[in-house]
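Asks: Okay, handing you the structure first.
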Amino acid sequence: MRIISANLNGIRSAAKKGFFDWMTQDSNADIVCIQETKAQAHQLDDDVFNPPGWFRFLFDAERPGYSGTAIYSRAQPDAVSTGLGFELCDTQGRWIEARFKDLTVISLYLPSGSANDDAQARKDVFLTELMPILKKRQANGEKLIICGDWNIAHKEIDLKNWKGNLKNSGFLPHERAWLTTLFDGVGFVDAFREVDTRAEQYTWWSNRGQAYANNVGWRIDYHIVSPALAPCIHAASIYKDIKFSDHAPLIIDYDLAKISS
């Protein structure tokens with residue numbers, strides 16, 4: 001099974017750059033998790049957003065042109081649900097999940113805190129609300145693949161200029177510690193790092209200067225999976241042949257025959 005996570009920074013903009021042609025014709029994906037759709041459902045009626053052979057599920061933000069998540073899948077899920085039960089998530093369309101038998105695939109768009117102190121405070125609230133939910137679902141033995149833009153670079157290897165970003169949102173000590181707790185304490189797994197430990201593997205680049213051309217980036221997009229799925233992680237790649245947004249699609253292949261009980 002191939003699952004792709006892609007922050008599109010506007011699904012309509014990405015469509016004009018060929019995202020759906022790539023997704024449907026060349027990506028070989030089974031499931032695609034999208035973040036930052038920046039659109040309402042009624043704005044996505046064109047055929048390009050409804051490719052034949054795919055099921056589509058949207059979770060729009062209440063505020064037009066902002067946030068939003070989506071899941072496209074070749075197989076019809078057994079169930080789809082949205083939200084986590086707290087306002088910051090649910091009014092901004094930041095969590096949608098689809099269940100396929102005993103596997104649940106999630107598209108998550110975690111808030112950015114880079115705009116100002118208030119934005120960082122909201123991000124911290126989101127992290128505080130999210131952790132007990134993930135702990136409970138892990139304790140229940142659910143098999144989760146949480147795809148998305150987590151807006152945190154975990155370790156020094158995960159961004160180019162780490163020394164200059166120690167006091168910046170996305171690389172703050174408490175944010176990084178939150179991810180460490182999720183991995184080392186709760187038991188979730190960073191799927192990409194299970195199969196690729198190389199430096200300079202980034203998924204987001206600032207639009208300022210020549211960040212993309214010079215690969216001055218951050219790895220803030222993840223597949224974070226339940227420990228039972230760790231043996232299933234087969235291969236990972238970051239797609240950069242076509243630039244659809246300021247993020248690159250993160251592709252992970254899973255061999256679900258190796259799933260542990």
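Read the figures in this text as sums done on the coordinates, not as results from a lab. Predicted model only: the values in this text are computed from it and were never measured. Cβ sites come from the backbone with ideal geometry, for glycine too, and all protein chains shown count toward neighbours.
Asks: What Cys residues in the chain have no fellow cysteine's beta-carbon under 4.7 angstrom?
Replies: Cys89, Cys232
Asks: Additional query: Mind checking the dipole of the range 2-258: about its Cα centre, +1 per Lys or Arg Cβ, -1 per Asp or Glu Cβ, Debye to the nearest 20?
Replies: On the way: 29 positive and 33 negative charges, 84 e Å.
The dipole magnitude comes to about 400 debye.
Asks: Continuing with the same structure: Give me the percent relative contact order of the chain, please, defined on Cα pairs under 8 angstrom at least 6 residues apart. All intermediate terms of the calculation are to be shown ahead of the outcome.
Replies: Details: 570 pairs, mean separation 49.8, N = 261.
Reported as a whole number, the value is 19 percent.
Asks: Over the range 22-153, what is the mean sequence separation of C-alpha contacts under 8 Å (at least six apart), divided by residue count, expressed as relative contact order in percent? Please list the in-between numbers first.
Replies: Values: 245 pairs, mean separation 28.3, N = 132.
Worked out over the range 22-153, it gives 21 percent.
Asks: May I pose another question? Select from Thr69, Leu58, Asn168 the residue farthest towards the positive end of the dipole of the range 2-258; place +1 on Cβ of Lys and Arg, -1 on Cβ of Asp and Glu, and compute about the Cα centre.
Replies: Going by the Cα projections, it comes out as Asn168.
Asks: Give the residue from Ala228, Gln35, Asn116 lying farthest towards the positive end of the charge dipole for the chain; charges sit on Cβ (+1 for Lys and Arg, -1 for Asp and Glu) and the dipole is referred to the Cα centre.
Replies: Positive-most Cα among the choices belongs to Asn116.
Asks: Just to be sure I understand: with springs between alpha-carbon atoms less than 10 Å apart, which residue in Thr181, Thr197, Thr69 has the highest mean-square fluctuation in the Gaussian network model of the chain?
Replies: The residue that fluctuates most here is Thr197.
Asks: Given a cut-off of 20 Å, name the pairs among Lys16/Lys123; Lys16/Lys38; Lys101/Lys258; Lys135/Lys258; Lys135/Lys167 whose C-alpha atoms lie farther apart than that in the structure shown. Numbers along the way, then the final one.
Replies: Working: Lys16/Lys123 31 Å; Lys16/Lys38 14 Å; Lys101/Lys258 16 Å; Lys135/Lys258 24 Å; Lys135/Lys167 28 Å.
Lys16/Lys123; Lys135/Lys258; Lys135/Lys167, as the Cα separations exceed 20 Å there.
Asks: Still on this structure, I have one more. What is the range 202-260 by shape, rounded, prolate or oblate, if you read a ≥ b ≥ c off the alpha carbon gyration tensor as root eigenvalues and call it rounded for a/c under 1.5, prolate for a/b larger than b/c, and oblate otherwise?
Replies: Values: a/c = 4.00, a/b = 2.73, b/c = 1.46.
Prolate.
Asks: If you don't mind, another one. Among 202-210, 228-236, 74-82, 31-39, how do they line up by average Cβ neighbours within 10 Å per residue, starting with the highest?
Replies: Values: 202-210: 15.7, 228-236: 18.2, 74-82: 13.9, 31-39: 27.1.
Descending mean neighbour count gives 31-39, 228-236, 202-210, 74-82.
Asks: Put +1 on the Cβ of every Lys and Arg and -1 on every Asp and Glu Cβ in the chain; which of Leu127, Val186, Asn214 then has its Cα farthest towards the positive end of the dipole?
Replies: Asn214
Asks: Sticking with this structure for a sec: Given the options Lys155, Lys123, Lys136, state which has the largest fluctuation in a GNM of the chain using a 10 Å cut-off (strictly under) for Cα springs.
Replies: Maximum fluctuation in the GNM of the chain, among the listed residues, is at Lys136.
Asks: If you build a Gaussian network model of the chain, linking Cα atoms that sit under 10 Å apart, which residue out of Gly85, Gly187, Gly217 swings the most?
Replies: Highest fluctuation of the listed residues: Gly85.
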